[in-house]
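Visitor: Next up is a structure, given as structure tokens.
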Amino acid sequence: AKSFITFTGREVPIHIFDTFEGHPAAAITSHDEHHTVGQFGGTDVDTVRTLLAPFTKLTIHKGDVSGSLPHLAESTYRLVHIDTDLYQPTIVCLDYFGDRLCRGGAIVVDDYGAPKCAGVATAVSEYLAQTDDFHVWDMRTDQLVLVRR
């Protein structure tokens, strides 16, 4: 936490969203053929909370991100990291955070281009077809970075 505070000059709010139970059934679509209900469910909320305890402005949202986002207070974001592996929650996150990202802010989309996460690339393509608000950087590391113009 100390190095992050030094970088920004102050501690900033951090929000983490995770089901902590793996992929929910409602989030898996035909775009996500390599994923199953409950996959990646081995993460424990208390372990994550303990690891990130130095961040005093941390909020952990347990549950499906699609259900959590509508309850957030309106805010502007500088950095968003999306790592849902699935089409539906990726498009939900892009729709929500894309409109709330500050100019020069970045969205990092994990698993973009990963063969087993084809739904992520589909969600990004559909989202970008509706907007020209972003510079798009394909990192060729299965991550895509969108920077708000």
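Visitor: Antiparallel as a % of all DSSP beta bridges within the chain, to the nearest 5?
Guide: Counting DSSP beta bridges with both partners in the chain, the antiparallel share is about 50 percent.
Visitor: For Cα extents along the principal axes in Å, the listed values are (i) 53, 33, 26; (ii) 45, 32, 32; (iii) 42, 37, 30; which was obtained by calculation from the structure presented?
Guide: (iii)
Visitor: Going by Cα centres, the stretch 88-149 and the stretch 53-80 are how many Å apart?
Guide: Using only Cα atoms to place each centre, the spacing works out to 18 Å.
Visitor: Would you mind working out the accessible area per residue for the stretch 1-96, using a 1.4 Å probe, and quoting it in Å²?
Guide: 60
Visitor: Whose amide H sits under 5 Å from the amide H of His81, counting only residues 5 or more places off or on another chain, with H placed in the peptide plane?
Guide: Close amide H contacts, sequence-distant or interchain: Val108.
Visitor: Another question, then. What translational diffusion coefficient, in µm²/s and rounded to a whole number, does the Stokes-Einstein relation yield for the stretch 1-88 at 4 °C and a viscosity of 1.567 mPa s, taking the hydrodynamic radius as the Kirkwood radius over Cα pairs?
Guide: 88
Visitor: Ignoring ligands, DNA and RNA, please state the percent of accessible area on the chain from carbon and sulfur, probe 1.4 Å.
Guide: It is 54 percent, rounded to a whole number.
The values are calculated or read from the model by the stated rules, or taken from the named source; none is laboratory data. These numbers were taken from a predicted model, which means no experiment stands behind them. In case anyone asks, the SASA skips ligands and DNA or RNA and just uses the protein heavy atoms, side chains included. Shrake-Rupley method; radii C 1.70, N 1.55, O 1.52, S 1.80 Å.
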